[in-house]
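Participant: I'd like to ask some things about the structure below.
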Amino acid sequence: MVGPLNPKHGSPDARLSGPTRRTAVGLILGAPLLGACSGGQISSPFGPSQPEGPPGPQQQPLAVGTGQVKVGLILPLSAAGNAGVAAQSMKNAAEMALAEFQNPNIQLLIKDDGGSPQGAQQVTQQALGEGAEIILGPLFAASVPATAQLTRARGVSVIAFSTDSSVAGRGVYLLSFLPESDVNRIVDYSAGIGKKSFAALLPDNAYGNVVEAAFKQAVGRRGRMVAFEKYASDRSAAARTVAQSLGSADALFIADDGESVVATADALTAAGANLRNIQLLGTGLWDNPRVYASAPLQGGLYAAPDPSGFRAFSGRYRAKYGADPVRTATLAYDAVALVAALSKQGSQRFAPETLTNPSGFAGIDGLFRFRSDGSNERGLAVMKVASGGSTPVAGSPKSFGA
């Protein structure tokens, strides 16, 4: 069994976990999304790969904590727009985790990469030169390889915050919510309640491409595909094609962000589809007020972390900083909580075999574990769309299968 967070307010405590009882845990998980600067819903994880506009003056490095284990934290603190706002919120959350964890033996070396690969390489070199045993960050996919080039040469692990699984790999682990986890959870749940024939309508973009690959693989394991279409700006033709095939489908999968999901449902309705006669399925991007207010989407199911975890985190964050955290903030909190827990172990505390413990780690947003390829697997809940929000119909798993 994996050890959960200590439920006492503000005092996450690590417990030993895993088959060998050697891996310490104690985290909360979040979604690495730059679309919203406050609030809890998940917005599109495939936004700009770099911040828009030039960065401001680089923020000075900061060392927080007095522990012996040095940990680099790389964030785009001076980046323009939402990226800089998100980075500041993540920095706050990292410091909050350090304060809430009881006497961690770590010192955070907080570095500003400005949101660029060149900046990431520069500050990674600084952190390694100061003795960092592990690097947390960067946030942007384009910056991760720049950091990894240096860390791999030194045998130092990286826990990055990007949602682009292509930048994961040997020694580089992603703490983000990857779309593949959403897809696998909702397809497996649907098959478990008797849905075997699937249709899908997806956006023709980077997010849609990732979801397409995962969905086709998952359906191949659990059922059959009866219709599949992708759309660009005009959904009408794709919606008509899918609407004509729904008579032979048990479930319809629509993966897009809130506003686009509503537009897609409306296009299907206009094409003659009766969405009340089919089980609608989605991803965590459905966690959006627009979805809850949409009549055609009522009763739809989607996979996501249990929202109670982020609510609890947000309450503590607001009490400390007087503002709402970005949804990405939990990533930095989780990363710091993880390394604080693992720092109690010996020289292999951040080694691949420690980070890839198959039992995983327990967090407020549910279970997760790193795979050897650097991607991750999540234990997600299944939520049902209702007019007032969403309600869980299946909770997060308490442990991972083999």
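Participant: Checking the condition out of contact with any His (no Cβ under 9 Å at 6 or more places or on another chain) and modelled with pLDDT of 95 or more, which residue from GLY282, GLY309, GLY258 passes?
Facilitator: Exactly one of GLY282, GLY309, GLY258 is out of contact with any His (no Cβ under 9 Å at 6 or more places or on another chain) and modelled with pLDDT of 95 or more, namely GLY282.
Participant: Here's another thing I want to ask about it. Could you please give the count of residues in segment 270-303 that are closer than 29 Å to GLU377 by Cβ and outside any helix (DSSP H, G or I)?
Facilitator: 13
Table: residues versus (1) crowded, with 24+ Cβ neighbours inside 10 Å; (2) among the hydrophobic types (A, V, I, L, M, F, W, C).
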residue	(1), (2)
TRP286	yes, yes
GLY299	no, no
PRO325	yes, no
SER347	no, no
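Participant: Where in segment 143-236 are there strands (runs of 3 or more DSSP E), lying wholly inside it, with at least 2 residues that are among the aliphatic types (A, V, I, L, M) and under 23 Å from ASP287 (Cα atoms)?
Facilitator: The strands (runs of 3 or more DSSP E) meeting that bar are 197-203.
Participant: From the list ALA206, ALA218, ALA200, ALA214, pick out the single residue that is within 23 Å of the chain's Cα centre (by Cα) and at pLDDT below 95.
Facilitator: ALA206
Participant: What number of residues within segment 257-266 satisfy the criterion of being without any contact (Cβ under 8 Å) to a residue 60 or more places away in the chain and touching a strand residue (DSSP E or B) at 6+ places or on another chain (Cβ under 8 Å)?
Facilitator: So the count comes out to 3.
Participant: Looking only at segment 248-269, decide whether some residue is more than 14 Å from ALA200 (Cβ to Cβ), open to solvent by 40 Å² or more (accessible area, probe 1.4 Å) and outside any helix (DSSP H, G or I).
Facilitator: yes
Participant: For segment 351-387, enumerate the residues that are out of contact with any helix residue (DSSP H, G or I) (no Cβ under 7 Å at 6 or more places or on another chain), open to solvent by 40 Å² or more (accessible area, probe 1.4 Å) and over 27 Å from ALA132 (Cβ atoms).
Facilitator: Within segment 351-387, LYS384 is the sole residue that qualifies.
Participant: Please go through segment 100-112 and give me each residue that is over 23 Å from the mean Cα position of the chain (by Cα) and either closer than 13 Å to VAL64 by Cβ or open to solvent by less than 20 Å² (accessible area, probe 1.4 Å) (or both), ordered by number.
Facilitator: PRO104, ILE106, GLN107, LEU109
Participant: Within segment 259-286, track down each residue that is within 19 Å of SER181 (Cβ to Cβ) and of a type outside the set (A, V, I, L, M).
Facilitator: GLY282, THR283, GLY284, TRP286
Participant: Kindly provide the set of residues from segment 158-180 that are touching a strand residue (DSSP E or B) at 6+ places or on another chain (Cβ under 8 Å), polar (S, T, N, Q) and open to solvent by 10 Å² or more (accessible area, probe 1.4 Å), ordered by number.
Facilitator: The answer is THR163, SER165.
Participant: Would you mind stating whether ALA127 is among the hydrophobic types (A, V, I, L, M, F, W, C), part of a helix (DSSP H, G or I) and farther than 30 Å from ILE278 by Cβ?
Facilitator: Considered against the rule, which asks whether it is among the hydrophobic types (A, V, I, L, M, F, W, C), part of a helix (DSSP H, G or I) and farther than 30 Å from ILE278 by Cβ, ALA127 comes out as yes.
Participant: Oh, and also: Given the residues ALA295, ALA332, which is the only one that is open to solvent by 30 Å² or more (accessible area, probe 1.4 Å) and aliphatic (A, V, I, L, M)?
Facilitator: Residue meeting the stated conditions: ALA295.
Participant: Of all residues in segment 194-212, count the ones that are in contact (Cβ under 8 Å) with a residue 24 or more places away in the chain and open to solvent by 50 Å² or more (accessible area, probe 1.4 Å).
Facilitator: Of the residues in that region, 5 qualify.
The values are calculated or read from the model by the stated rules, or taken from the named source; none is laboratory data. The model shown is predicted, which means the values in this text are computed figures rather than measured ones. When we count neighbours, we look across all protein chains shown, and the Cβ atoms used for this are built from the backbone with ideal geometry, even at glycine. For accessibility, only protein heavy atoms count, side chains too; no ligands or nucleic acids. Shrake-Rupley method; radii C 1.70, N 1.55, O 1.52, S 1.80 Å.
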